[in-house]
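Remarks on the structure that follows.
The values are calculated or read from the model by the stated rules, or taken from the named source; none is laboratory data. Just so it is clear, the structure is predicted and the values come from calculations on it, not from any experiment. Cβ placement follows ideal geometry from the backbone for every residue including glycine, while neighbour counts extend to all protein chains displayed.
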Amino acid sequence: MSKLLAARMTADYDGPLVVFIIGMRINRLFKVAKWLPVVRAMGPMIAELERDPRSGFLGWQPMLAGLRTVLLVQYWRDFDSLETYSRARDKQHWPAWAAFNKAIGTDGSVGIFHETYVVAPGGHETVYVNMPPFGLGRVGKLVGAEGSRRDARERMKQAGGAADG
């Protein structure tokens, strides 16, 4: 377990950012042979991306959304990098996607989803208290959320986001 940071912190991240949420939902718990390969496919993809700093992949955060839904929040430099990886025939994603479609398709055993958000430069703010480095705080640099960084509106202004209005 990562060390908890008791201080009130914020992520200092400057530049374009894409937040990609990808996950799966186990719809038929006892069809382990259907959902286990889907679970196992993500690890090699993440390892491949972490080994290649030129990929545009910045980092990730695993999460649970209930007992049957697992998701990863991924951070990317830009949408083009994400799309290039997803379509590359020589990378882990393409064969995993083909295997999913062949083995599961629309039989309903496993659901998959993703959501992609392009965050305008400065269009984010964060705060973490009593947390280990988490989310964008694992990708960016953690700094104290004090003084002019204490309030969400002020953090958004400093980031260049549209907090006035």
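Quick check: is even one residue across the range 40-60 surrounded by 12 or more Cβ atoms within 10 Å (Cβ to Cβ), small (Gly, Ala, Ser) and free of Cβ contacts under 8 Å to residues at least 40 places away in the same chain? Among the residues of the range 40-60, at least one is surrounded by 12 or more Cβ atoms within 10 Å (Cβ to Cβ), small (Gly, Ala, Ser) and free of Cβ contacts under 8 Å to residues at least 40 places away in the same chain, which makes the answer yes. What pairs come out if I take residues in the range 92-109 that are farther than 16 Å from Val32 by Cα and pair them with residues that are modelled with pLDDT of 85 or more whose C-beta lies under 6 Å away, six or more apart or interchain? Listed pairs, sorted by first residue: Gln92/Pro44; Gln92/Met45; Gln92/Glu48; His93/Met45; His93/Ser86; Ala96/Ala41. Does any residue in the range 129-152 that is free of Cβ contacts under 8 Å to residues at least 40 places away in the same chain come within less than 8 Å, Cβ to Cβ, of a residue that is polar (S, T, N, Q) six or more places away or on a different chain, and which pairs are these? If the second residue must be polar (S, T, N, Q), the pairs left are Ser148/Gln158. Residues that are within 20 Å of Thr116 (Cα to Cα) and of a type outside the set (Gly, Ala, Ser) within the range 1-30 comprise Tyr13, Asp14, Pro16, Leu17, Val18, Val19, Phe20, Ile21, Ile22, Met24, Arg25, listed in sequence order. Scanning the range 119-128 for residues that are assigned to a loop (DSSP other than H, G, I, E, B) and either without any contact (Cβ under 8 Å) to a residue 40 or more places away in the chain or surrounded by 13 or more Cβ atoms within 10 Å (Cβ to Cβ) (or both) turns up Pro121, Gly122, Gly123, His124, Glu125, Thr126, Val127.
With respect to Thr116, determine if the residue is assigned to a strand (DSSP E or B) and either of a type in the set (Val, Ile, Thr) or outside the structural domain of Arg150 (by TED's automatic domain parsing) (or both). In short, yes. When restricted to residues that are surrounded by fewer than 14 Cβ atoms within 10 Å (Cβ to Cβ) and either at pLDDT below 95 or among the acidic types (Asp, Glu) (or both), the range 69-86 contains 1.
For residues that are modelled with pLDDT under 90 and of a type outside the set (A, V, I, L, M), scanning just the range 109-124, find the one that is nearest to the chain's Cα centre (by Cα). Among those residues, the one meeting the criterion is His124. In the range 8-24, how many are surrounded by fewer than 19 Cβ atoms within 10 Å (Cβ to Cβ) and either modelled with pLDDT under 95 or in a helix (DSSP H, G or I) (or both)? Qualifying residue count for the region: 5.
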